[in-house]
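*Asks:* Before I ask anything, here is the structure I am working with.
The values are calculated or read from the model by the stated rules, or taken from the named source; none is laboratory data. Since this is a predicted model, take the numbers as computed values, not measurements. With ideal geometry, Cβ positions are generated from the backbone for all residues, glycine too; neighbour counts draw on all protein chains shown. Note: accessible area is taken over every heavy atom of the protein model, side chains too, but ligands, DNA and RNA are not part of it. Shrake-Rupley method; radii C 1.70, N 1.55, O 1.52, S 1.80 Å.
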Amino acid sequence: MIRLKDVEMEYDNGTRAIRGISLTIEDGEFVFIIGHSGAGKTTLTKLLLLQEKISSGSIVVNGTDITKLPERAIPYYRRTVGTVFQDFRLFKDKTAYENVAFAMRVIGTPGKEIRERVPALLKIVSMADKAKHFPSEMSGGEQQRIALARALANNPDIIIADEPTGNIDPTMSKVIMNMLLKINKKLGKTVIVVTHDNSFIERLGQRVITIKNGRVASDIPATAKEE
């Protein structure tokens, strides 16, 4: 469970990016966070990833107030959160397989487990046939699928996708969103998608939190509608 209570965040220049947000995201939920550019939605994800610090309030994830974690504990916390970004952030000199495997190697995962898990992850995102391909040999949508497999590499509890369809075409955007929904439904992951693209939100029928001027403007529950 993720619980934010009276969260405020002000940048050094005095800009109040988050203004008293309180909300709860249950384990296994799929949530869209939407809002115009500058509304505060990306800042909210940075707070969840401990890339920024709150000014006041609390953020509790799985029973732990992450804002009180010592510096040495932050890398371990981040392993419980898989992230997907608009710009993919793949290593250009590594194959699809190597990009996914790298996320496991850096935390000391045994080689045998890597050899077993990476092909399974590539299969989940329908990229098993591209294992030996480099990013330059893949489309934007294919690169985003590899990024999604990498986000799953260390079996995180939570997936945060920040504008995951921002650099891909509408057809592939639908594929990525359906994969995120599959990961939520089949693997039981909590999925948070930050986006300004509302085109697929109604179709998926998931919970939608709208951020405006650093506040929760609306919070519409899931309609349980699926394709």
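*Asks:* Is it fair to say residue 121 is hydrophobic (A, V, I, L, M, F, W, C) and either modelled with pLDDT under 95 or in contact with a helix residue (DSSP H, G or I) (Cβ under 6 Å, 6 or more places away or on another chain) (or both)?
*Replies:* For residue 121, the condition - hydrophobic (A, V, I, L, M, F, W, C) and either modelled with pLDDT under 95 or in contact with a helix residue (DSSP H, G or I) (Cβ under 6 Å, 6 or more places away or on another chain) (or both) - is met.
*Asks:* Checking residue 219 against (1) part of a helix (DSSP H, G or I); (2) surrounded by fewer than 16 Cβ atoms within 10 Å (Cβ to Cβ); (3) in contact (Cβ under 8 Å) with a residue 12 or more places away in the chain, which single condition isn't satisfied?
*Replies:* Going through (1) part of a helix (DSSP H, G or I); (2) surrounded by fewer than 16 Cβ atoms within 10 Å (Cβ to Cβ); (3) in contact (Cβ under 8 Å) with a residue 12 or more places away in the chain one by one, residue 219 breaks only (1).
*Asks:* Out of the residues in segment 92-101 that are open to solvent by 70 Å² or more (accessible area, probe 1.4 Å) and in contact (Cβ under 8 Å) with a residue 24 or more places away in the chain, which is nearest to residue 146 (Cα to Cα)?
*Replies:* Taking segment 92-101 as the starting set, the residues that turn out to be open to solvent by 70 Å² or more (accessible area, probe 1.4 Å) are 92-93, 98.
Cutting the leftovers down to in contact (Cβ under 8 Å) with a residue 24 or more places away in the chain gives us 92-93.
On the way: 92: 12, 93: 14 Å.
Result: 92.
*Asks:* Checking residue 54 against (1) of a type in the set (Val, Ile, Thr); (2) over 30 Å from residue 172 (Cα atoms); (3) in a helix (DSSP H, G or I): exactly one of these is not met. Which one?
*Replies:* (3)
*Asks:* Looking at 118, 106, can you tell me which residue is open to solvent by 60 Å² or more (accessible area, probe 1.4 Å) and over 16 Å from the mean Cα position of the chain (by Cα)? Reasoning before the result, please.
*Replies:* Working: 118 fails: open to solvent by 60 Å² or more (accessible area, probe 1.4 Å).
Testing whether each residue is open to solvent by 60 Å² or more (accessible area, probe 1.4 Å) and over 16 Å from the mean Cα position of the chain (by Cα) leaves just 106.
*Asks:* Any chance you could count how many residues in segment 151-165 are in contact (Cβ under 8 Å) with a residue 60 or more places away in the chain and either of a type in the set (A, V, I, L, M) or open to solvent by 40 Å² or more (accessible area, probe 1.4 Å) (or both)?
*Replies:* Total satisfying the criteria: 9.
*Asks:* Run down 72, 89 and say which single residue is open to solvent by 40 Å² or more (accessible area, probe 1.4 Å), touching a residue at least 40 places away in the same chain (Cβ under 8 Å) and not β-branched (Val, Ile, Thr). Walk me through how you get there before you give the answer.
*Replies:* On the way: 72 fails: touching a residue at least 40 places away in the same chain (Cβ under 8 Å).
Exactly one residue qualifies, and that residue is 89.
*Asks:* Now a separate question. For segment 180-190, does any single residue satisfy the condition of being outside any helix (DSSP H, G or I) and buried (at least 17 other Cβ atoms within 10 Å of the Cβ)? Spell out the reasoning first.
*Replies:* Keep residues of segment 180-190 that are outside any helix (DSSP H, G or I), which gives 188-190.
Those still in the list that are buried (at least 17 other Cβ atoms within 10 Å of the Cβ) too: 189-190.
Yes, segment 180-190 contains a residue that is outside any helix (DSSP H, G or I) and buried (at least 17 other Cβ atoms within 10 Å of the Cβ).
*Asks:* I'm told residue 56 meets every condition in (1) of a type in the set (Ser, Thr, Tyr); (2) more than 17 Å from the chain's Cα centre (by Cα); (3) closer than 24 Å to residue 222 by Cα except one. Can you identify the failing condition by its number?
*Replies:* (3)
*Asks:* What residue, among those in segment 121-150 that are within 24 Å of residue 193 (Cβ to Cβ) and over 20 Å from the mean Cα position of the chain (by Cα), is least open to solvent (accessible area, probe 1.4 Å)? If you could, list the steps in order and put the result at the bottom.
*Replies:* Within segment 121-150, the first condition is being within 24 Å of residue 193 (Cβ to Cβ), and the residues that meet it are 121-127, 130, 135, 138-150.
Filter again for over 20 Å from the mean Cα position of the chain (by Cα), leaving 130, 135, 138-139.
Numbers: 130: 41, 135: 2, 138: 17, 139: 54 Å².
Looking at the filtered set, the residue picked out is 135.
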